[in-house]
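Undergrad: Take this structure first; my questions come after.
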Amino acid sequence: MAKLFVVGVGPGSEDLVTPRAKKAISRAGIIVGWNLDLEPVRSLLDGKKLFIQSVENYRSVARAVAEEARGSGRDVVVLRIGDPCLSSGLKGLLEDFEGFEVEVVPGISSVQLAAALAKVELGECVVVSFHDYGDTQEKKEFMTNCLKSGKHVFVLSGAELTVEGTAAYLLGVGFDPTTRAAVFTRLGLEGESAEFTTLGEVATKVHNWLSILLVYSPKK
């Protein structure tokens, strides 16, 4: 029976790919991922059969690979930028590869890098992701309630809600423009940056799509 490895490859830099991730990639004959997922491990992909996912085909590609692996018995690695347990579509992958033996290989998340730069404990924070599907309004309300209850919030922005859109929403529901915030961009990649600022300032700028927003709870 073929085995599925769901492998976190870190935030984008080759030197943040773990030895365990490299070992899993080396044993698999089939590699699946989005173009961004492939970048940190390009040097490890020679001789592998690659399947590239996109917004339009990511579930259909996964299902096609599962079918092929069932027939060939070849192990499959699905690459995920960052950590596969954080906003990676893991639930859908497990559905698409039902019946496979599965190993999830953790990776370094950009949220961890952001927390280190901000010098905050993740236990004091909540991560809200707008990368994946779901009820956007429900997520917004959850984010608001977490901030009011004393938790800092890391926001993974996406098409549903941008960094500046998040700031504008929070201002619109009554948060003070001077509320502390930080924007982390391209963490682990060339040109990474960290800007410690306020919600009001964040709302006035257009930010790179590879950005994470940290909103500090007004209660702390």
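Undergrad: Kindly list the residues of the stretch 198-220 that lie in the label zone of ASP176, defined by a backbone N under 15 Å from the point 7 Å along the Cα-to-C-beta vector.
TA: Only 198-201, 216-220 pass the distance filter.
Undergrad: Evaluate 2.2 N^0.38 Å with N set to the residue count of the stretch 31-151, then give the Cα radius of gyration divided by it.
TA: Ratio of Rg to 2.2 N^0.38 Å for the stretch 31-151: 1.25.
Undergrad: Next question, about the same structure. For the residue pair GLU141 and GLU160, what label-to-label distance in nm results when each label sits 7 Å from Cα along the Cα-to-beta-carbon direction?
TA: Distance between label points: 1.4 nm.
Undergrad: Something else about it: Mind checking which aspartates and glutamates have their Cα closer than 12 Å to the Cα of LYS151? Skip sequence neighbours fewer than 8 apart in that chain.
TA: GLU121, GLU124
Undergrad: Right, here's the next one. So which lysines pass the test for LYS23, namely a Cα distance under 19 Å, with those fewer than 8 places away in the same chain ruled out?
TA: LYS23 reaches LYS3, LYS48, LYS49.
Undergrad: Would you mind getting the accessible area per residue of the chain, heavy atoms of the protein chains only, 1.4 Å probe, in Å²?
TA: I get 48 Å² per residue for this part.
Undergrad: Using just the alpha carbons, could you tell me how many Å³ per residue the convex hull of the chain encloses?
TA: Roughly 120 Å³ of hull volume per residue.
Undergrad: Same structure, new question: Relative contact order (percent) for the stretch 82-138, with alpha-carbon contacts under 8 angstrom and 6 or more residues of separation?
TA: Here the relative contact order equals 43 percent.
Undergrad: I would also like to ask the following. Over the chain, what is the relative contact order in whole percent, taking alpha-carbon pairs under 8 Å and six or more residues apart? Numbers along the way, then the final one.
TA: Details: 432 pairs, mean separation 46.5, N = 220.
Contact order relative to length: 21 percent.
Undergrad: Which percent of the accessible heavy-atom area of the stretch 74-220 goes to carbon and sulfur, probe 1.4 angstrom?
TA: 54 percent
Undergrad: Rounded to the nearest 5, what is the percent of antiparallel bridges among the DSSP beta bridges in the stretch 1-130?
TA: 5 percent
Undergrad: Follow-up question, since we're still on this one. State, as an integer percentage, the relative contact order of the stretch 1-80 based on alpha-carbon contacts under 8 Å between residues 6 or more apart.
TA: 48 percent
Undergrad: Need one word for the stretch 5-77: rounded, prolate or oblate. Basis is the Cα gyration tensor (sqrt eigenvalues a ≥ b ≥ c); a/c below 1.5 gives rounded, then a/b vs b/c decides.
TA: On the way: a/c = 2.19, a/b = 1.34, b/c = 1.64.
Oblate.
The values are calculated or read from the model by the stated rules, or taken from the named source; none is laboratory data. Quantities reported herein were computed from a predicted structural model and do not represent experimental measurements. Glycine gets a Cβ as well: all are built from the backbone with ideal geometry, and neighbour counts include every protein chain shown. Accessible surface is based on the protein model in full, side chains and every heavy atom, while ligands, DNA and RNA are left aside. Shrake-Rupley method; radii C 1.70, N 1.55, O 1.52, S 1.80 Å.
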